[in-house]
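Notes follow once the structure below has been shown.
The values are calculated or read from the model by the stated rules, or taken from the named source; none is laboratory data. Predicted, not measured: the structure shown is a model, and the values here were computed from it. Quick reminder, even Gly has a Cβ in these numbers, built from the backbone with ideal geometry, and neighbours come from all protein chains shown. The protein model used for the area step is the full one, side chains on, heavy atoms only, and it has no ligands, DNA or RNA in it. Shrake-Rupley method; radii C 1.70, N 1.55, O 1.52, S 1.80 Å.
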Amino acid sequence: MDMKQRPRRNRRTQAIRDLCQESRISERGLIWPTFLLEAPNANESIASMPGQRRMGIDTLSGEIEKLLPLGLRGVCVFACVDDTKKDSRGSFALDDDHFYLSGLRKLKQRFGENLVVMTDLALDPYSSDGHDGLVQNGEVVNDETVNLLSQMAVLQADTGADWIGPSDMMDGRVGAVRGALDKAGYTNTAIISYSAKYASAFYGPFREALDSAPRSGDKKTYQMNPANRAEALREVLLDIDEGADIVMVKPALSYLDVIRDLSQATTVPLAAYNVSGEYSMIKAAAEKGWIDEGAAAKETVLSLFRAGAQIILSYWTPFLLKSTESLVLESGA
Ligand code: PBG
């Protein structure tokens with residue numbers, strides 16, 4: 001055949017493919033989401049998320065210690081609160097040195113600037129209603145929730161945590177949290193906002209991990225409609241205007257178009273959360289022998305970088321850091 005352009009020439013050998021590769025998984029952009037239990041040495045498996053664990057602070061610190069030399073840059077920490085401590089106001093969240101806060105403090109004391117510690121800011125781990133905000137007469141009330149979140153954010157910032165992560169989707173929370181942090185003197189504490197967080201079916205395994213599923217109703221009055229793309233831009237622009245340092249799309253895989261749009265429309269770093277359901281689906285298929293887990297995990301995370309995210313929250317972070325295939329993973333040196 002007479003052809004000037006033969007795209008396959010750029011795919012002929014592994015070395016050529018490496019040189020021509022457009023996007024790379026970089027450990028410099030990975031954050032590991034983790035689940036913190038109160039007992040310092042706790043270490044429990046999570047049925048819905050094989051390979052992930054609920055850990056006490058000492059166990060978690062030990063894991064981090066092993067991952068730092070492999071290039072770990074950050075963790076996001078979620079609180080697993082005992083049911084007996086939950087109430088309708090999520091009061092335990094404002095207990096001023098409960099295990100979540102003391103755990104964050106220990107991480108910063110031990111790892112300092114070598115590890116970015118990101119918090120989770122929402123009421124669901126503490127609320128007997130399992131909602132991200134305060135429920136009154138069957139409704140998740142916005143402004144009172146924002147008031148509570150602002151107080152929680154100051155407590156979290158006081159631990160030395162680097163990034164506060166509001167995951168609640170209340171209106172005006174980024175501005176209120178920024179105001180509260182500044183007023184308390186935490187002007188260097190950043191906000192990584194879950195700006196475009198969709199009401200998704202892919203959070204199921206996480207809710208089982210935290211036992212935090214809504215006791216009634218769903219989250220559709222605050223989390224976004226999966227059908228909407230323009231609204232993601234609206235939310236992101238509002239959050240930036242209110243002071244967000246980093247914005248996020250969540251989940252990731254069904255929202256690659258949104259990641260792409262936002263990466264072109266904003267000038268702050270963009271994060272994507274490769275959520276529990278996206279992780280567990282591949283795990284389950286791999287357990288059945290239907291899919292190559294490692295290859296599928298890498299393809300997933302690579303696709304998020306390709307779509308335009310700079311920061312990826314992924315449960316595969318430890319696996320990717322341990323991966324010996326340096327052809328795919330950039331070295332940390
Ligand atoms: C709630 C929260 C959720 C996740 C992170 N924060 C679940 C929800 O909104 O119900 C999900 C993360 C995951 O599925 O991996 N504040």
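The table that follows gives values for the structure above.
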{"quantity": "Over 31 Å (Cα to Cα) - which of 86/250; 197/298; 85/108; 183/298; 108/250; 66/220 fall in this group", "calculated": "183/298; 66/220"}
{"quantity": "Lys/Arg +1, Asp/Glu -1 at C-beta; segment 7-322 dipole; positive extreme among 154, 273, 170", "calculated": "273"}
{"quantity": "Of 22, 144, 242, the one that fluctuates the most in a GNM where the chain has Cα springs shorter than 10 Å", "calculated": "22"}
{"quantity": "With DNA, RNA and ligands ignored, accessible area of residue 229 (1.4 Å probe; Å², nearest 10)", "calculated": "120"}
{"quantity": "Cα centre as origin, Lys/Arg/Asp/Glu Cβ charges: the chain dipole, Debye", "calculated": "1580"}
{"quantity": "Computed over the chain, Kirkwood Rh from alpha-carbon pairs, angstrom", "calculated": "20.5"}
{"quantity": "Cα-based radius of gyration of segment 1-112 once divided by 2.2 N^0.38 Å, which approximates compact folds", "calculated": "1.67"}
